[in-house]
Every structure is written in structure tokens, then in C-alpha cells.
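Shown next, in C-alpha cells, is the structure this report addresses.
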6 protein chains.
Amino acid sequence: MAIVVTNIERTSAALVAGLAEFGVATLHEAQGRRGLLASYLRPIYRPIHAAGTAVTCELLPGDNWMLHVAVEQCRAGDILVAAPTSPCQDGHFGELLATSLKARGVRGVVIDSGVRDTAVLTAMAFPVWSKAVSAQGTVKETLGNVNTPLVCAGALVRPGDVIVGDDDGVVVVRREEAEATLGQARAREANEREKRARLAAGELGLDIYRMRERLEAKGLRFVRHEDAQD
Amino acid sequence: MAIVVTNIERTSAALVAGLAEFGVATLHEAQGRRGLLASYLRPIYRPIHAAGTAVTCELLPGDNWMLHVAVEQCRAGDILVAAPTSPCQDGHFGELLATSLKARGVRGVVIDSGVRDTAVLTAMAFPVWSKAVSAQGTVKETLGNVNTPLVCAGALVRPGDVIVGDDDGVVVVRREEAEATLGQARAREANEREKRARLAAGELGLDIYRMRERLEAKGLRFVRHEDAQD
Amino acid sequence: MAIVVTNIERTSAALVAGLAEFGVATLHEAQGRRGLLASYLRPIYRPIHAAGTAVTCELLPGDNWMLHVAVEQCRAGDILVAAPTSPCQDGHFGELLATSLKARGVRGVVIDSGVRDTAVLTAMAFPVWSKAVSAQGTVKETLGNVNTPLVCAGALVRPGDVIVGDDDGVVVVRREEAEATLGQARAREANEREKRARLAAGELGLDIYRMRERLEAKGLRFVRHEDAQD
Amino acid sequence: MAIVVTNIERTSAALVAGLAEFGVATLHEAQGRRGLLASYLRPIYRPIHAAGTAVTCELLPGDNWMLHVAVEQCRAGDILVAAPTSPCQDGHFGELLATSLKARGVRGVVIDSGVRDTAVLTAMAFPVWSKAVSAQGTVKETLGNVNTPLVCAGALVRPGDVIVGDDDGVVVVRREEAEATLGQARAREANEREKRARLAAGELGLDIYRMRERLEAKGLRFVRHEDAQD
Amino acid sequence: MAIVVTNIERTSAALVAGLAEFGVATLHEAQGRRGLLASYLRPIYRPIHAAGTAVTCELLPGDNWMLHVAVEQCRAGDILVAAPTSPCQDGHFGELLATSLKARGVRGVVIDSGVRDTAVLTAMAFPVWSKAVSAQGTVKETLGNVNTPLVCAGALVRPGDVIVGDDDGVVVVRREEAEATLGQARAREANEREKRARLAAGELGLDIYRMRERLEAKGLRFVRHEDAQD
Amino acid sequence: MAIVVTNIERTSAALVAGLAEFGVATLHEAQGRRGLLASYLRPIYRPIHAAGTAVTCELLPGDNWMLHVAVEQCRAGDILVAAPTSPCQDGHFGELLATSLKARGVRGVVIDSGVRDTAVLTAMAFPVWSKAVSAQGTVKETLGNVNTPLVCAGALVRPGDVIVGDDDGVVVVRREEAEATLGQARAREANEREKRARLAAGELGLDIYRMRERLEAKGLRFVRHEDAQD
């Protein structure tokens, strides 16, 4: 009953390269505050960064068999995104799989479960975001789907979508929205650059963003400490 | 219905400088094991240290508007302490606000919610303790109080109190107890210095603290392994 | 009613030295995927490594008295393993106890509760795995057992067993299984060395482990993207 | 930027009625162990049961405005499925909204956040599954989508899909798979009926499911207690 | 260093009786969405209700000695509010203490730790809200304060404040705000009564609360399913 | 590598019957505050009670095969105690297994994972304590041990030990300590009976337990509200 979808359509390398210049927070904002994976996914080392196209892999709890199947579907520029069919924190992923993925040019792993061999993975500088660090071994008994749409850490990831991860976490950009998101990210970054300079020079956000009038309209009052009760 | 209290009374810079020489554990002990914020507040990098006077900011979940209001109330030597009115982990705080605070001489942020842009904040060496790292963006719609007493991570923080944070977490010292706490911390540190030397030389705590008699009185028995059942 | 068992039998130093050459994941696998402590135990710094013989210590929540008793039972090559009788995250362990343990040649601490003074402990390079970092102070009022079998983070640890910790977590190897486990670990490592080389050279795990036939027998199907519905 | 999709296609009432005869566990099995919402969603009373067609509603944390918008899109036989754009436990839903939904013939609510007025909702016998019970009030400030595909408690729910909830939790059945799932559920139930009778009569699952041979082949050994070491 | 404050000022019985007519959600709203204790406090049975004046009690983790001290400070109409100085879930409270409190006319207990003997307490119909149900016993060794301001489950509670608990959780109303809160609660209830009737009659909240214009101004668009992409 | 130990020695039915007359809290106290399973194990209905001899079963995450093996080892008067080799919340146990166990006279199940079919199990009045309620199905692929010592929810359980569960949770009494524990429980109960009567009559625990002197010696001070600063 399980399938492996081959020959998936990936977001173009040029678009991925463009998106890779931005952080997770910027990309999440650029697509209307969507696409963020849950914040319990943490990187195994810092600073960290990776951007690539998603190959998705469904795992069974305590069983990492399908990761071996998924490796074959990965090619240079991909990021492997894996999630168990029910909550798990076992060490589904470790050094040997990372060695295999690295040999194929894969840029990182996002896994809604545990990872092990973290000292070696860190030394390899192979980027991994996971729910837990756990040495717990797994079996190879049960099938799951590879390259079908997957909910990973609360976000829907489809094969070929763009995955970007950094110190803040992981975001997915849908393949068909990659170009628009890149445009939005550039616009946002340009806008923030100017704001950053003004803020660094001591100007207040209250003034830059013209917030004072709206705050007053909503009823915000300023009271001197000596006049405040309590 | 929301207010911003201006002109708050701050603990003197001299007292803050004195307290800044001690770690969180020592200050917590010095004031009778009080004032510790919950241990789920973690620093975004290590080692880390900051000490300053509290400016408090109430946040709404998913809304960071009041942080912009609070910035204006901060001055050199302050630490901004923010907490949502209900549990939240969104990225209420990030690079732009940090840039603004840094320009004002603010020494750090303690936030019972999420923080983002952690790679940049780390590079800026701007100290932040938070409940989560999350890129999740927030809106600017609803008012909250600034510089009113606030429960942050389980501890009551009042504007002008002293906040000290390090690798272990964050402690608050009440303004009116700052001087006494400083005295206690110095006494404790002096006492520990001597103990540390004796322990490093191989003396046992059982002897230094004269615990043997009390342990025996409570009924502690020593049994050789070969005589122990089980 | 509490006892301290003295004169415990420890796994031989030679066996510990042998096991110390392997990571936690390998040792856990080598003994049939057993002996792993829960993954919520995290090291206070990374990279980290320690191997030694267990001295066990039962703690009361909010009370670290028995750690002082346990120190006396420790000798060079030991690792102190402590767990509270009910869940707790207080700072049961810190700099002074570490100073004392280090003076005795103890190699590390595994504690199913909190640790404090983490900046100093990190500077001392004294290995600690804990459930939490917390500056919370504790009292010295109530007795517990030292060197009796203990469930720590979900695993049974008996005095004299081998404890190995690294970036991935902590594993216990039973004293009577230490020799067999060492043999298995060596065999496993040898086997993995060859696999690692082949994987690094681009060979697929599917082929190395001869998985294709069994996957097919279980019913795995490969479908081209353009032929997949959904 | 937010939209409300009107005129959605719903699974037929007949299919929903058919599926409503089965429990969540059976339906989850019937569709290949898929579609289960996370087990942290708990019913506000027990026993509980509801089955209907999904109207989906995206919520902002601390903001329940869109629920009022979603009510208008509900009609008799629907179940309202709501999830916040970032984790939240506030009391997004309560008595007044339930009164409105009940008046429209809505059969229940599934919400990946908090619910309040639970005593009244229980008295009304209005089924709700939620992540938390919380009296925390919410604002009405920010837009979200209604009737777009939504990840709720880790499962993808699309408008018009079938939602079934009982004491065990909540499952979603995709609209296009509803008929096949109903067939599978009936087959499974028939099969289990016979098994249940045999098990109740004292026959062993080992024999009914013919497991002995496979267990032996995998290496399971039976050892008399007096012959077992340990 | 610990004190017991005697002779505390309590909110008047008349005000408490007035507030007791409202649910937790209503009172929380009536005072501007403040005063709610964290939603992890759950009642030991349902339906449940209690209202009274707070006697506060600081606990040490794993130590319930001060509850015995606090009992003496309780009188008819009080609710005992207890919180540990660091997180704990032990069974600090049980049948014997409840028997004693009941004999004194105390109306319930709110405890940010564990409770035991829940079957008996349920049979006694003695209301308790707690963080956990745990049979774990506690010692009687260390002092804490009674009737000093206390942070319990994230909310500041001062002796004599009003505590109201129901199926939704627990709220604190400050003594000096009790009268105003009662007025607001009555106004709110009157307003909701009319709304409830209109909603029950099928009118939409969108119309009753006149939301349509503001939703449109914010940019909400209605799209027919057949015109929506995705 | 997995074994099933047959012919285990069980605590006598008479001792189990004696212990069954006491609650979990009492038994836990009677054996020196030991043997309590973690409080996250919750009963599926209330009130609830069961007492029996342990048959232990190791589970793999997401795999309930060994429960079928364990059933055969159960006989009238047993309680089945199961725990996964790594954390899991899947629905390992449900109606069919309960039917089989009930047919054999088994008195209940304690499982450090999930349970499903809770409505039916409740109707059957079959006692279950679990970590979660989850409909998640499991596979039958991997072996584990039956009737070997097992850590379940943080407590060591050995085959034949006594298990008692009630509304407060679950406790294990070691087979060789069952008689002594029964004696202690009876003594404790007798002692509490008298205390309960005195407390119900209004006498204070402070006086019954003669605590006043020790409290004063520790330094507790009583301060009238009007004399207390703060």
C-alpha cells in the first residue's frame, strides 16, 4: 500500500539559490506569515543554514527503513524531510545515512523525530533540524510513502517545495509560490535595511512606523510613576 | 485601558554594578532562594551575562506592538522584561527591536515568549533569554501595559527592579532589597571561596559542613556491599 | 531507613577504557538496543564525553543532602548518577560539588534533575548531563539511599555498572554484560567502517543491505510523478 | 489577503451517516492508519460522539474573530474545525459561539486551541474536542482564511472532508475516500465481530491470528522462570 | 526567616457571594482579561464550583509542612491557595488536610502541585484545582511563608483576594477591585443574555456585533469554491 | 533474542486481597514512599480500582505484537504491565485485547503508552491506566521480552509483584515486601482513622502532630497583618 513517487518536479535551482540568501524569519513573513515548521524542531549545531528542494519521507515510529528508500530519490540540491506517522523521538537518522546523503549532494535533513551521532554530524557540518537528540536505534520492518505530501512539524510539505533552515528553525516555500516569495523577500529586506539604519541611529520605531496616533486612538495613556496608583 | 508608566524609579547604577559581579545562583541564594524566573527561559547563546534595571512590558499573544512602546521607556542600563497575557512562543522579538534597544544602551531582553533572528542577535552579542526560538511573526493590534508589575516566567518583576541573567537563567532582585542582597552575596561569595579551596584540596563536604552527626541522628546507616541484601 | 552501600563492586578499569572508545549510539546497539537513558537528559556543553563506573544517589526533590554523602563513596574513574524520588528540576548540583568530585577523580555527573553554575562547570570541562539547567537552591534535610539500584531517566542503573555519555545522551552497560558489550561494539564498529566507506563512495544502502527484494515483497511500489494521482 | 471560500463541496449526508456508525479507531484503520488528529485533542465530556462535514477556520493566536466569520459558512451537518497559525491555548471558543452553531445545526467543534464555558457546553451536550480548557478571552483584530485546507493537530483537513470524533479523539476522512473508507470499515467491523466472540470465549489471539510460527521464526524463546538467569 | 501573617483583611462575604454567581470566564473578562491562573490547573471532578477569600501558602517542593500551618489561618469562607517555590507535582494535599479544612468551613483548595486521595475528595465534594494528581508523599522539614503575596500558576494572589473556580479553571479578583469587577460582571452578563437569545434564534454574530464592515475594510474577500485556485 | 518467561512466581492471592483494601497513596507510604509509577499514567475512567499480580510486557514503539504473546502468560488475578522500549503514545491496547484478557480473569492493564476504544473499555468496566488515549494503530513486527523486569513509567516492575491502581495512579509492591507492606498499611490506616476523626472534629494538625515547638525552633514567626511590611 506504500508508494515511492519518482521523477518529482523540483523548484528551479535558481529560485532556491535566490531564497537561500534570506533567513527563515524573512521568508516566513514574505509569504504572509505561512509555512513555518513548529519551533520544537531545533538545529543540531549553530550557526547553521541550508536551502534545498524537498524529498519527503513518511516514517513509522521506531522504524527508519523508508529513509533508506528515500535516499535513492534524493539528488544534489535536495533536503530530506521526514516525519513519523505518530509522535516519536527515536534516533531515526544518524551518521551512516548522512554519509550516504552527503555523497549524493543532499544539503540537509529535517526530521520530526530524533537524530543520533550528533558529534559526528556536527564535525561533518551536515545540517540537521530535529525534534530530539536520541541514540535510540530503530528497526526496518514497515513501509511508508516517499515523495507524497507530508505534514512535518505542523506544516504541509510537498515534494519539490523549497525548504530553508537556519538558527531560527525551518520554513517551507511552496514550489508555485517560490518566485513570488523571492520577490517579496527582496522587497522586505530592502525595506528593513533602511529601517535598521534609522533604528541604529537612535530613531524610534514609534516614529518610523508612525504608531503614536493609532496607539492614542486605541486609548493608550501615559502616566507618570508618581501619579500611578498601585 | 492600557497605561504606560513613565519616570519610573530605578535601582541605582552603583547597586546594579555591584550585583552584576555575581552569578544568578548566588543572587538567588543571597535573597533567601527567591526571585528566580522559571528555568524554561534559556539564553540564545553561551556564555552570556547581563545586569540592569527592569522596564516591564505586557504582550498580547501573537502581538508585539507594545514592545515598540516599551523601547521608548528604556534608557541606558535597562533590561527589557516582557511577558504575554497568555502562554505564547511566537517570535515577538528580533533584530530590528534589538538594534533599537542597543542604540539606547539597553543591556538585554528577558521574554516569556519566542525570539527570532537569533543568528544576528548572537553576532550582535545582544543578550536574550526566552522561552522559545521561533521565527513566527506577530501583529500590532492590541494594547497592554508598560512599566506595571508583571509576572514573567513565574516571578513578579516590578519596574526598576534589578535583573541579572547568565548561563543558568535569570533572577530578579527587588529594588528595595538590592543593597541587602548585595551584602549577602558578598558574604556568601567570601564563604564559598574558602570552601572551594578546601574541597579542591580533597576535603569532604561531610566534614567541612559537619554533616556526619546529623546524618547519623536521622538514621543513615552504612552497609558493606557484601552485607546488603537485594 | 536510608542506607549507604560501601565497598561496591565496580566494572574493571580495563573494560571501562574499552567501552569509552565507543559512542552512546554504538553501545546502545551493541547490547541489543537497551540501556539508554531518556533523551531529555542533555549535556551542559558540546562536544562532551565521559565513561566511568556508576555510584548511585537517590535525591529528594528540592534537597541535595545525599549528594554530599555520595561524594565520599566516589573514587577516581566513577560517574555519579543521581535521581530524585519524584520529578524535579531544581539545581541539585553545582560548582562546589563538582570541585569536590573533580578532586576525587570523578569523571562526570548524570542527574535526572537540574544543574547550576553551568558557566563555571563548562570552564572546568566537568561533564554533566541533566534534565534542566536551574539555579534553584535546595535544602539538606531528608535521607535517601546511596549505592542502591536506581531508576534514572527511565533506565535501571546499579552501582558499579558502566556509564558512558556523549553528545547524544547517556547509556548504561550492566557490569556483567560489559565484556560482551565491548565485543559487540567492536564488531559493530568494524562492520560500520566498511559500510561507511561504501556509502561515502556513493553506493546505496538499498544495495549494501540488500533491501530491494524485501521491500518489493512487502508491496512497495514505484510510481512516476506524472502517473501518481493526488 | 484572507479569503472565505463559499459554496464548498461536502461529502454526501448518506456517506457521513454511514461513517458515523464507526468509531475513530476503526475509521483510522480502515483508511490505512491515516487521518488521525493528534491525541492531545481531548473531548470536553465523555461519552461523546459526532460526525459531520468540515468547515475549516484559521485562527490567529489570542484572536477568535474568524470563528464569527466561519459560523456563517456552516450549515446543518457540519463540524467546525479551527486551528491557530501558531501554538495557542486561549479560550477561542465558548458558549455564545456554540449557541450560534447549534442554532444552525452544526454537530460539533474541533479546535487546536482552548475552549471555555465547558460546564455550559457539557450541559448543552455540544461536542467539542480541544487542546486545552481555558477561560482566557481573545480579541477580534486579525483576518485568517475560512474554508481553505488547514493543518489541525498535525492532520491536513480540507473543507467538506468528513470529521468523526469520539472518546478516543478525532479522525478526518478525505471526501474522495469516504466511500472506500466506509466499505473498509464495514469489512473490518464484520471481521472484528467474529474475532471478538472467539476471544471472549477464551481463544487466544496467538491462535486466531496464527502468530506462533512467525514468532518462532523471528527467534522468540520460551524459558521457564526457574531456568532464566537475571 | 519565614513568616505567618495573621489577621489578614478579607474581601467582604457579600462581595464574594456576588462574585460567586459568575463563572471564571465572565469574571476574567469583567476585570479586563486579567487574573486567570494557568490552564494547567485542573479540577479533580466536574462539575465543580467554589468562591472564597484567599489564604496563601508557600510550599517547598516535596514538603507539605506549611499546609498544616496555613490551616490554622483559614476560617469559614476561605480558599487555600498554595504554590511551591520551584516546580513540583507531588501529592502535597490529600484527605486528612481536606478533612481539617472542611471542619473549618473552608470552601476549596487551589494548589500549583499535586493532590492525592482524589476518590475520597470527590466523594467529600471538596473542590480542588491542581497541577497534577499524584499519590507521592511529602516530608515536613522546611519553612515557607503563609499569607504573603504569592505567584500561583502564573498569577499574583494576595491574602484576602477573591478566588473563584469552576470547570474552566481558576481566577483571582483583587480585593480592592472586587466591587468594580462585580459591577462589570453583572453588566456583561446582562449584555450576553440578550445576545444569547438572538444567537439561539439564528441571528448571526456578524450582524449582531456589526462586524461585516470592519472585515471588509481589513480586506476579507469571499470567493466561491469553484473560483478559488489551489 | 527476546524471551518469554513462563511459570513466574506470583505474590499469593491472599496478600493481594489484603493489599487491595488500601489506596495507592497508603501503599506508597507504607513501603517508605517507594514504588509509585509516574503521575502521567491516568485511568481511563473514574472511580477506578484494581489489584493483581504483574505480568510484564516490553513493547516496541508503534508495535503491539508482544501484547498478544503476553496474554497467554496471564491468568486470573493478574494485571498486565506494558512499556515501550522508547517513548510512545500509540494505541497499543484496545477492545479486542481487553476482551481476551477479561476472558482470562485479568484485572486490568497498566501501559506506558496509549490506549484506544476507551468508550467500550469504560462500558466493559475494564480498568486501564495509560499515558495517553490514542486511536493510533500499531504493527506486529518486532519481538520484545515478556515477564522480565521492566521499568514502567519510571518504576521497576518485576513479574509477580503486586500492582494496585486507583484514581490517584498506580503503585508496585515487590513480591518479597508484600507482607511487610500490608502490615504497615494496616498500621497506617488505623493511625489515620483516629487522626481523621480528631481533624473532623476541628482539632488542628499543628496540635495533633505537635508541630508548634519544632516550627518555632526553625524560626517561624507570626506577624499581624498590620505590622507586616510589604
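The values are calculated or read from the model by the stated rules, or taken from the named source; none is laboratory data. Since the model is a prediction, treat every value here as computed from it, not as a measurement. Here Cβ is always computed from backbone atoms with ideal geometry, including for glycine, and neighbour counts include all displayed protein chains. Accessible surface is based on the protein model in full, side chains and every heavy atom, while ligands, DNA and RNA are left aside. Shrake-Rupley method; radii C 1.70, N 1.55, O 1.52, S 1.80 Å.
For the range D:78-99, enumerate the residues that are more than 19 Å from D:Val4 (Cα to Cα) and of a type in the set (Gly, Ala, Ser).
D:Ser86, D:Gly91, D:Gly94, D:Ala98
Touching a Pro at 6+ places or on another chain (Cβ under 6 Å) and under 30 Å from D:Leu59 (Cα atoms): which single residue out of A:Leu36, A:Leu59 fits that description?
Result: A:Leu59 is the single residue among A:Leu36, A:Leu59 that is touching a Pro at 6+ places or on another chain (Cβ under 6 Å) and under 30 Å from D:Leu59 (Cα atoms).
Search the range D:213-224 for residues that are open to solvent by 90 Å² or more (accessible area, probe 1.4 Å) and pair each with any residue that is part of a loop (DSSP other than H, G, I, E, B) when their beta-carbon atoms are under 8 Å apart and the residues are at least 6 apart or on different chains.
Once the first residue is open to solvent by 90 Å² or more (accessible area, probe 1.4 Å) and sits in the range D:213-224, its partners that are part of a loop (DSSP other than H, G, I, E, B) give D:Arg221/F:Ala2; D:Arg224/F:Asn7.
Condition first: of a type outside the set (S, T, N, Q) and under 27 Å from A:Arg46 (Cα atoms). Can you find one or more residues in the range A:200-212 that meet it?
Yes, the range A:200-212 has at least one match.
Which of the residues belonging to the range D:185-230 are over 38 Å from the mean Cα position of the chain (by Cα) and among the polar types (S, T, N, Q)?
D:Gln229 - this is the single residue of the range D:185-230 that is over 38 Å from the mean Cα position of the chain (by Cα) and among the polar types (S, T, N, Q).
Consider only pairs whose beta carbons are under 6 Å apart and that are at least six residues apart or on different chains; among these, list those whose first residue lies in the range E:160-183 and is crowded, with 20+ Cβ neighbours inside 10 Å and whose second residue is among the aromatic types (Phe, Trp, Tyr).
These pairs meet every condition: E:Gly165/E:Trp129; E:Val170/E:Trp129.
Go through A:Arg34, A:Arg46, A:Arg42 for me and flag whichever is touching a residue at least 40 places away in the same chain (Cβ under 8 Å) and either hydrophobic (A, V, I, L, M, F, W, C) or in contact with a helix residue (DSSP H, G or I) (Cβ under 9 Å, 6 or more places away or on another chain) (or both).
A:Arg46
What's the total number of residues in the range D:140-173 that are more than 14 Å from chain B (Cβ to nearest Cβ), farther than 13 Å from D:Thr56 by Cβ and among the basic types (Lys, Arg)?
The qualifying residues number 0.
Do you know which residues across the range E:107-130 are of a type in the set (Val, Ile, Thr), within 11 Å of another protein chain (Cβ to nearest Cβ) and in contact with a Gly (Cβ under 7 Å, 6 or more places away or on another chain)?
Within the range E:107-130, just E:Val115 meets the criteria.
What residue, of D:Thr148, D:Thr138, is of a type in the set (Ser, Thr, Tyr), at pLDDT 95 or above and either more than 24 Å from the chain's Cα centre (by Cα) or open to solvent by 50 Å² or more (accessible area, probe 1.4 Å) (or both)?
The match here is D:Thr138.
List every residue pair whose Cβ atoms lie under 7 Å apart, where the two residues are 6 or more positions apart in sequence or sit on different chains, the first residue falls within the range D:1-26 and is within 14 Å of chain F (Cβ to nearest Cβ), and the second residue, located anywhere, is charged (D, E, K, R) and not in a loop (DSSP other than H, G, I, E, B).
D:Phe22/D:Glu189; D:Gly23/D:Asp166; D:Val24/D:Asp166; D:Thr26/D:Arg188; D:Thr26/D:Glu189
Considering the range B:30-83 alone, what residues qualify as being among the acidic types (Asp, Glu) and within 19 Å of B:Gly160 (Cβ to Cβ)?
B:Glu58, B:Glu72, B:Asp78
Residue by residue through the range A:77-96, note down the ones that are in contact with a Ser or Thr (Cβ under 9 Å, 6 or more places away or on another chain), more than 8 Å from chain F (Cβ to nearest Cβ) and of a type in the set (Asp, Glu).
A:Asp78, the sole residue that qualifies.
When the residues of the range E:193-202 are narrowed to those that are free of Cβ contacts under 8 Å to residues at least 12 places away in the same chain and open to solvent by less than 70 Å² (accessible area, probe 1.4 Å), which ends up farthest from the other protein chains (Cβ to nearest Cβ)?
So the residue we want is E:Ala197.
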